[in-house]
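Participant: Submitted below is the structure of interest, expressed as structure tokens.
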Amino acid sequence: MQMLRSVLLVMLLVLTACGGGGAATSPGNEYGTGGSDSGATTTDGVDRSKLASKLYFYNWSDYIDPAILEQFKAEYGVEVVVDTYDSNEDMLAKIRAGNSGYDIVVPSDYAVQIMIAEGLAVPIDKSLLSNIVHLDPNLLDQYFDKGNVYSVPYMYGITGIAYNTKFFPNGIDSWAAIFEPDQIAQFAGKFSMLDDARETPGAALRYIGQSLNSTDPAALARVKEILLAQKPYLAAYNSSDVNRKLASEEYVMAHAWSGTAMQARNGLGDEFSGNPNIAFVIPKEGGMIWMDNLVILKDSPNAYTAHVFLNFLMRPAVSAQNTEYIGYLTPNKDALELISPEVRELYAQGFAPDEAMYQRLEWAVRNEGTTAFDDLWTEIKSR
Amino acid sequence: MAMLQQQQQRRDRIRLMLLLTPGLLWLVLFFALPLVIIVIYSFMTNDALGRVVYQPTLDNYITIFTQSLYINAYWRSIWTSVLTTVICLLLGYPLALFIARSPQQWRMPLLMLILIPFWTNFLVRIYAWQIILANNGLLNGLLEFIGIGRLSLINNEGATLIGLIYGELPFMVLPLYAAIDRFDFTLMEAAADLGASRVQAFLRIMLPMTMPGVVAGSVLVFIPTLGQFVVSELLGGAKVDYLGNLIQRLFLRANPINWPLGSAMAVLMMIVLLVLIMLYFRATTEEER
């Protein structure tokens, strides 16, 4: 019995130690010189002798078509190892610590600014990026990286309401549908808002006719009222698996990114199948536009290979395939015509902005004053 | 002779030191040092990019004590942890007693049943609870089938509590089992012979003698529950902040991130834990006397 007891105790201790750990995959630091020549000629200007054998890509979850990585490997013999994160801050925390082992990361607009300010990014050598000509000039040269010295656009998206037409046969055109208690009471526990200190208050600010960057105390007080009135009916603040929950009709609507809505509509590879009833709208009061960008890390040992990968991602055909898979919008203007008619039809229905919709979209900026949003968010969550 | 003995003692001491060094080094490097850093951070401030600025201040502690929302998070977490611990104890004691009183050949399989869930990652098991409790989930399907109709089971504090109790119950049962297994049940017969009722015998003989198991189980359950943040996010809908959520957000998600304030909250959490556990130990050992 004594024996049994000690065995149990040891098991208990080991299990306790294991319990907390997630699936931490450390990328390690394989430099690997002299990549294998896959037989392709060097007409594309890529010096294959300078390629590393592996590239470490730290990306958002569900944010690249795995087939593209296969294609890159077939063409250049470089294996791209992907690790994923769910918020810019998670990524920044890991990169800041140094020696992350990653080569490329995908910060959103404001996070690019932070990475540049902290010296975490390396300037991009545009002579290696021949495909940059395919990018839409309207999406280059943004406030967070003037002249695109450190970053190139990867994908962009818009934030509005994704909903199931089965429950909203007349559609949705206003934020009132997700904020007004008399309209949401019937859907109590069946809709979500993004778990984000900027997105959710931002949506409420647009609803009351303000800029989503407004930190005017009176406006924020009103936003707080709106969000607290909404909260009893809310299923969750959720930014992670909204796509699956919309597709399975666990939610009837959600404050969501356009790509999330697209994934709920069309499914995501072989991970889950889509729901044809899902629609997406930027309400008439307006919504947010944002962009994720490719940045090469300062301590990347494989900068050359990283440039080759970036250039590969900017090929119109590759970008079109990628954007169809993940559902977000490509900044690659020459990719648009290569996208399937079905997806382009969805774009026309609101999954992508047209000229008129652009007028209602707004970028979120971060400055000293916007810490007010965090205080507001903490208050919302404290009751 | 005395010199030889002295030499022997010195040699023993050196050997002991050598044996202790790796463990001590580990503790200093990965426990004491990080703790010191957290304490130091808690008296600093941050800049617009979220970096720690080395400028001593008490602001973080003042913020916590003057703004009700921070205090609320402490109360909510403490209350939930107490509730989780008490319910685990009420569920775990009979369970441990049942296992300890089972025929010898059944005990090991029964204990294995308690341990088997650990073979799956905790996060995965909490996702399984999402599937069970969801609006279109298993339990609601069953409820509808038997004519009760669908209920709102997930995304509330009750669901959080269920997840916590589910996750922590084994940590209560195992130490309780170890204590009850050691208990000599003939003492209960003796108490009955001397005229004690079953309740009296339990309260005055068995409970005090298995108290070490109760204390160990309670502490094992209470500590992780106080700092949890995953369960309230996945089953509670991330709608209210527990201490763990708040600290996690301050460290990782806030714009800018605020390690100093997060550190101050963590330091206070440790102090709260220490005080509560000391009070608990004092109360339970007095009962034993």
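Quick note: the coordinates plus some simple rules give every number you see, no bench work behind them. The model shown is predicted, which means the values in this text are computed figures rather than measured ones. When we count neighbours, we look across all protein chains shown, and the Cβ atoms used for this are built from the backbone with ideal geometry, even at glycine.
Participant: For the range A:272-316, list residues with backbone N below 15 Å from a point placed 7 Å from the Cα of A:GLU342 toward its Cβ?
Facilitator: The answer is A:272-278.
Participant: Bins of 5 Å, beginning at zero and ending with the bin holding the largest distance: percent of Cα pairs per bin for the range A:53-185, please.
Facilitator: Once binned at 5 Å, the Cα pair distances of the range A:53-185 give 2, 8, 14, 16, 16, 14, 10, 7, 7, 5, 1, 0.
Participant: At 7 Å along Cα-to-Cβ for each site, give me the label-to-label distance between A:ASP354 and B:ASP193 in nm.
Facilitator: 9.4 nm
Participant: Any chance you could tell me what percent of the C-alpha pair distances in the range A:254-326 go past 20 Å? Each step should come with its number before you reach the end.
Facilitator: Numbers: 1364 of 2628 pairs.
So the pairs more than 20 Å apart make up 52 percent of the total in the range A:254-326.
Participant: Turning to a different aspect of this structure: Any chance you could run the full-extension gain for B:ALA2 through B:THR186? It's 0.36 nm times the residue separation minus the Cα-Cα distance, nm to one decimal.
Facilitator: 61.1 nm
Participant: Give the shape of chain A as rounded, prolate or oblate, defined through the alpha-carbon gyration tensor: a ≥ b ≥ c are the square roots of its eigenvalues, a/c under 1.5 means rounded, and otherwise the shape is prolate if a/b is larger than b/c and oblate if not. It would help to have the intermediate numbers written out before the result.
Facilitator: Values: a/c = 1.64, a/b = 1.24, b/c = 1.32.
Oblate, since a/c reaches 1.5 and b/c is not below a/b.
Participant: Rounded to two decimals, what is Rg over Rh for the range B:1-41 when you use alpha-carbon atoms and the Kirkwood radius? Walk me through the intermediate numbers first.
Facilitator: On the way: Rg = 16.7 Å, Rh = 12.3 Å.
Here the Rg-to-Rh quotient is 1.36.
Participant: Still on this structure: Sum up the charges of everything whose Cβ sits under 13 Å from the Cβ of A:ASN238, counting Lys and Arg as +1 and Asp and Glu as -1, but leave A:ASN238 out. Please list the in-between numbers first.
Facilitator: Details: positive: A:LYS190, A:ARG244, A:LYS245, B:LYS239; negative: A:ASP86, A:ASP195, A:ASP196, A:GLU199, A:ASP241, A:GLU250, B:GLU233.
Value of the local net charge: -3.
Participant: B:PHE30 to A:ARG96: FRET efficiency via 1/(1 + (r/R0)^6), r the Cβ-Cβ distance, R0 22 Å, to the nearest 0.05? Don't jump to the answer; show the numbers that get you there.
Facilitator: Working: r = 20 Å, r/R0 = 0.91.
Calculated transfer efficiency: 0.65.
Participant: Between the range B:191-208 and the range B:111-139, what is the separation of their alpha carbon centroids in Å?
Facilitator: Here the two parts' Cα centres lie 38 Å apart.
Participant: By a straight-distance test (C-alpha under 20 Å), which aspartates and glutamates pair with A:LYS190 as possible cross-link partners, with residues fewer than eight away in the same chain excluded?
Facilitator: A:ASP173, A:GLU180, A:ASP182, A:GLU199, A:ASP241, A:GLU249, A:GLU250, B:GLU144, B:GLU157, B:GLU233
Participant: Semi-axes of the equivalent ellipsoid for the range A:290-378, please: Cα gyration tensor eigenvalues, times 5, square-rooted, ordered largest first, whole Å.
Facilitator: Semi-axes, largest first: 28, 25, 10 Å.
Participant: Separate question: Could you grab the relative contact order for chain A? Cα pairs under 8 Å, six or more apart, rounded to a whole percent.
Facilitator: Details: 658 pairs, mean separation 86.6, N = 383.
About 23 percent, as a whole number.
Participant: Once you order the gyration tensor axes a ≥ b ≥ c over the Cα atoms, which shape class does the range A:132-241 get: rounded for a/c under 1.5, otherwise prolate or oblate by comparing a/b with b/c?
Facilitator: Values: a/c = 2.52, a/b = 1.68, b/c = 1.50.
Judged from the Cα gyration tensor, the range A:132-241 comes out prolate (a/c at least 1.5, a/b above b/c).
Participant: Which Rg and Dmax, in Å, describe the Cα atoms of the range B:3-133?
Facilitator: For the range B:3-133, the Cα-based Rg and Dmax read 25.1, 73 Å.
Participant: Another question about this same structure. Going through the cross-link list A:LYS50/A:LYS94; A:LYS245/B:LYS239; A:LYS146/A:LYS298; A:LYS73/A:LYS146, which pairs have a Cα-Cα distance over 23 Å in this structure?
Facilitator: Those over the limit are A:LYS50/A:LYS94; A:LYS73/A:LYS146.
Participant: Quick check: from the Cα gyration tensor, does chain B come out rounded (a/c under 1.5), prolate or oblate? Mind showing how you got there, number by number?
Facilitator: Values: a/c = 1.95, a/b = 1.05, b/c = 1.85.
Here chain B falls in the oblate category.
Participant: Taking 0.36 nm per residue of sequence separation and subtracting the Cα-Cα distance, how much length would be gained by fully extending the chain between A:GLN183 and A:ASN367, in nm to one decimal?
Facilitator: Numbers: separation 184, 0.36 × 184 = 66.24 nm, distance 3.48 nm.
Between A:GLN183 and A:ASN367, full extension yields 62.8 nm more.
Participant: Could I ask something else about it? What does the charge count around A:LEU135 come to, taking other residues whose C-beta lies under 14 Å from its C-beta (Lys +1, Arg +1, Asp -1, Glu -1)? It would help to have the intermediate numbers written out before the result.
Facilitator: Details: positive: A:LYS126, A:ARG315, A:LYS333; negative: A:ASP136, A:ASP141, A:ASP145, A:ASP292, A:ASP334.
Charge balance in the 14 Å sphere: -2.
Participant: So what are the protein assembly as shown's ellipsoid semi-axes, whole angstrom, largest first, if each one is the square root of 5 times an eigenvalue of the alpha-carbon gyration tensor?
Facilitator: Square roots of five times the eigenvalues give 49, 33, 26 Å.
Participant: Mean Kyte-Doolittle hydropathy of -1.0 or higher plus an axial Cα length of 30 Å or more: which whole DSSP H helices in chain B meet both?
Facilitator: Details: long enough: B:2-27 (36 Å, -0.08); B:68-101 (49 Å, 1.15); B:157-182 (37 Å, 0.93); B:259-288 (43 Å, 1.29).
TM-like helix candidates: B:2-27, B:68-101, B:157-182, B:259-288.
Participant: What whole-number distance in Å separates the alpha-carbon centres of the range A:192-271 and the range B:28-51?
Facilitator: Each part's Cα centre sits 34 Å from the other's.
Participant: Based on the Cβ-Cβ distance of A:LYS298 and B:ARG150, what FRET efficiency does E = 1/(1 + (r/R0)^6) give at R0 = 45 Å, to the nearest 0.05? Don't skip to the end; give the middle numbers.
Facilitator: On the way: r = 53 Å, r/R0 = 1.18.
Efficiency at R0 = 45 Å is approximately 0.25.
Participant: Taking springs between alpha-carbon atoms closer than 10 angstrom, which of A:GLY202, A:GLY45, A:GLY259 fluctuates most in the Gaussian network model of chain A?
Facilitator: Most flexible of the set in this elastic network: A:GLY45.
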